[in-house]
Amino acid sequence: MACSNSCFAPFLCLPAIVFFGLFVNTATAHAEGNRYKYPRAYKADISPVVAHRAISENKRTVLIDVRSLEEYVGGHAPMADNIPYPRVTGKNKDDPSYKAMSEADFLAEIVARYPKKSTPIITMCQSGGRSVLAANILAKAGYTDVRSVWSGYLGKPLTDTDNNPVDVNANGIISGVTLGADGKPIEDPGDMDGWAGYNDLPVSDNIEKRRVLLQFYQLYGVARATK
C-alpha cells in the first residue's frame, strides 16, 4: 500500500514488522549478528578486544581456536586451545593433506576438556565463519555461555566509506593490494580487523602440548617445517 503524504513519522513509511515491541526494517535487517549471516544458536558475537578482556577478567573463560593446524602454527592467541573444526589440516577437500574433524569428534574434544556446560567459551577462527559453526555446535549441546569472535584471528581488510582497502598502520602496504617481489598481493595483518591485526592483541607461534590435540601433535611440527 502506498504511503500517503500525511505520514507524521518517516519511519512509519518503511516496510517494517513489530518484534517484541520494536520496529524492524525488513528491507535491511538481519537477525543474526555474525559476519557471514549464519544462523546463530549461541549467546553473541564479540570483538577481539572484548574477547581478550573477558579472558583477562575471568580465568574460567576459555578461548577455542578452531582453525587448522597450519593456521594455528602461523600465529595464534597465546591463551587459545587449538581444537580444529571442520578441518584439521589442508585448505579444502581437494587438498591432498586435507583431514576433516567431524562435529561429533569436535564436541567430544571440548567435553573432555571442559565438561561443565556453564564454562564461558569463546570460539575464534580466521575471519569469523568457522567459529560460528563451532559455537552453534556447543550451544546446541547445552553449553550456556558461548560467544564467537566476529572478525576472527586475522580478519578481513579494513576499508574506507567507498569499500576500498586502506593502509591503516601507515607502513606503505595495503593488504591484498600492494604486490610483493613475487608479484603476489601482500597480506598485512595491520590493515585487517582481526585479533592479530590493528587490535594489537597478544600473539604467539609457540606450540604448547597442553593447548593442542595430542593425537595430532607431530603434525604441528610438520606444519611448522613446511610453512
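Here, each number is a calculation from the coordinates, and none is a lab measurement. This is a predicted model, so every value here is computed, not measured. We place every Cβ from the backbone using ideal geometry, glycine too, and count neighbours over all the protein chains shown.
Results, tabulated for the structure shown:
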| item | result |
| --- | --- |
| Qualifying lysines (Cα of each under 23 Å from Cα of K59; at least 8 residues distant if same chain) | K43, K116, K117, K209 |
| Fewest-first sequence of R130, R113 by Cβ atoms within 10 Å of each Cβ | R113, R130 |
| Under-5 Å amide H pairs with K156, H placed in peptide plane, nonlocal only | D193, G194 |
| Selected from S131, S148, S204 as most flexible by GNM, with the chain as the system and alpha-carbon contacts under 10 Å | S204 |
| GNM flexibility winner over the chain from K140, K117, K43 (Cα, springs under 10 Å) | K140 |
| Inter-label distance, nm, simple model (7 Å from Cα along the C-beta direction), D160/Y98 | 4.0 nm |
| Percent RCO, i.e. relative contact order, over the chain, from Cα pairs under 8 Å lying at least 6 residues apart | 21 percent |
| Region 66-155: chymotrypsin sites (Phe, Trp or Tyr not before Pro) falling in loop per DSSP and having at most 11 other Cβ within 10 Å | none |
| Reach of K91 by Cα under 21 Å, taken over lysines that are not fewer than 8 positions away in the same chain | K99, K156, K184, K227 |
| Of V149, S175, L107, farthest towards positive along the dipole that unit charges on Lys, Arg, Asp, Glu beta carbons give the chain | L107 |
| Using alpha-carbon coordinates, inclination of helix 48-57 to the longest axis of the chain, degrees | 70 degrees |
| Residue of P48, P39, P157 that the Gaussian network model of the chain assigns the largest fluctuation, springs spanning Cα pairs under 10 Å | P39 |
| Magnitude of the charge dipole, the chain, Cβ model with Lys/Arg +1 and Asp/Glu -1, debye to 20 | 1000 debye |
| Structure-based [θ]222 nm, the chain - -39500 (n - 2.57) summed over DSSP H runs of at least 4, per residue, nearest 500 | -6000 deg cm²/dmol |
| Full-extension gain in nm, R60 to S118, via 0.36 nm per residue minus C-alpha separation | 19.9 nm |
| V49-I186 FRET efficiency (beta carbon distance; Förster radius 25 Å; 0.05 resolution) | 0.50 |
